[in-house]
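The values are calculated or read from the model by the stated rules, or taken from the named source; none is laboratory data. Remember, predicted model here, so these are calculated numbers, not experimental data. Because the Cβ atoms are built from the backbone with ideal geometry, glycine has one as well, and the counts that use them run over all protein chains shown.
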Amino acid sequence: MNMMDSRIVQYCLLWIGMAFFLLGVNPVSTQAEWMLSLYGGIAHTLDSDARLKEPGDTRLTFHDLSWDDESFQEPQYFGFRLTYWLSRQSPWGLAVDFTHAKMLAELDEDVSVSDRRGGELVSTREVLGDSFVKLEFSHGHNLLTANVLYRWLAHNRPAWFGRLQPYAGLGAGVAIPHVEVITASSVTGDYQFAGPTLQGLAGLNIDLIKHLSVFAEFRLSYAHLDVDLQGGGSLEIDAWTYHFNIGLSLST
């Protein structure tokens, strides 16, 4: 994890930690429940097109690119979420969620390329590495979302069953990737607000002891990445990513 990654994580954790502390000291409702969740897992982005624009009348579409996720390599996949349940007995909650995933294009892949390069029409297949020296978001295909959650609370069930809480949710927010793109005419390496993101999730929370629980969840996210390249170019990708998460939660 580089210095910029560390700063982003520190700022997010500081913000969530302060919010958790202040709201615990002075909650909006004395019956509200606050939950801080930390998770890891795996996230894989499905094949997608990449649309490259560069000066000199170059507009290329690279079709069905494959992406590596390297979820278990540094910097590893992780995320955290702050949830406000309207009350301990309420099924409804609101959450802010930050996810750090990765997308790395397979540069040795043979792909279909269309449109124009230097004003000349193109319709061919070529190795992706012929156009990109680097194409990845390895220090973050980062997603920051606001979410509405619903959980199924057990009523009039055996005590052990009450420890199980299925939940589901929908969220929307912004993608903040670290853009690492090198072509023959540009070198780009910075964080950008790239575009909107949406997600849906479903999971199971299991109470271990008071204030501590574990959870497992599946999530599907969509992000429209529209990033600027040095020298006046741009790159667009519609990224669909599935996530399998396992984590711990602390609650008030």
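Count of the range 192-206 residues, restricted to those that are in contact with a helix residue (DSSP H, G or I) (Cβ under 8 Å, 6 or more places away or on another chain) and crowded, with 18+ Cβ neighbours inside 10 Å, is 0.
Summed over the range 138-155, residues that are on the phi < 0 side of the Ramachandran plot and out of contact with any Ser or Thr (no Cβ under 9 Å at 6 or more places or on another chain) total 8. Taking the criterion of being surrounded by fewer than 21 Cβ atoms within 10 Å (Cβ to Cβ), touching a residue at least 24 places away in the same chain (Cβ under 8 Å) and over 12 Å from Glu70 (Cβ atoms), the residues of the range 96-110 that qualify are Val96, Leu107, Glu109. Checked against (1) closer than 30 Å to Lys53 by Cα; (2) more than 17 Å from the chain's Cα centre (by Cα), Leu198 passes all but a single condition, namely (2). Could you count how many residues in the range 42-68 are modelled with pLDDT of 95 or more and in a loop (DSSP other than H, G, I, E, B)? Going through the range 42-68 one residue at a time, the tally reaches 3.
For the range 207-216, indicate whether the set of residues that are of a type in the set (Gly, Ala, Ser), surrounded by fewer than 16 Cβ atoms within 10 Å (Cβ to Cβ), over 30 Å from Thr58 (Cβ atoms) and in contact (Cβ under 8 Å) with a residue 12 or more places away in the chain is non-empty. Let's see the steps before the verdict.
Our first condition is that a residue be of a type in the set (Gly, Ala, Ser); within the range 207-216, this holds for 213, 216.
Retained after the next criterion (residues that are surrounded by fewer than 16 Cβ atoms within 10 Å (Cβ to Cβ)): 216.
Those still in the list that are over 30 Å from Thr58 (Cβ atoms) too: 216.
Add one more test, that the residue is in contact (Cβ under 8 Å) with a residue 12 or more places away in the chain, and what stays is 216.
Yes, the conditions are met somewhere in the range 207-216.
Residues of the range 151-167 that are modelled with pLDDT under 70, part of a loop (DSSP other than H, G, I, E, B) and hydrophobic (A, V, I, L, M, F, W, C): Ala154, Ala159, Trp160. For the range 174-189, a tally of residues being under 30 Å from Gln199 (Cβ atoms), among the β-branched types (Val, Ile, Thr) and part of a strand (DSSP E or B) returns 5.
Which residue out of Gly171, Gly231, Gly200 is touching a residue at least 24 places away in the same chain (Cβ under 8 Å), in a loop (DSSP other than H, G, I, E, B) and small (Gly, Ala, Ser)?
Working: Gly171 fails: in a loop (DSSP other than H, G, I, E, B); Gly200 fails: in a loop (DSSP other than H, G, I, E, B).
Of Gly171, Gly231, Gly200, the one residue that is touching a residue at least 24 places away in the same chain (Cβ under 8 Å), in a loop (DSSP other than H, G, I, E, B) and small (Gly, Ala, Ser) is Gly231.
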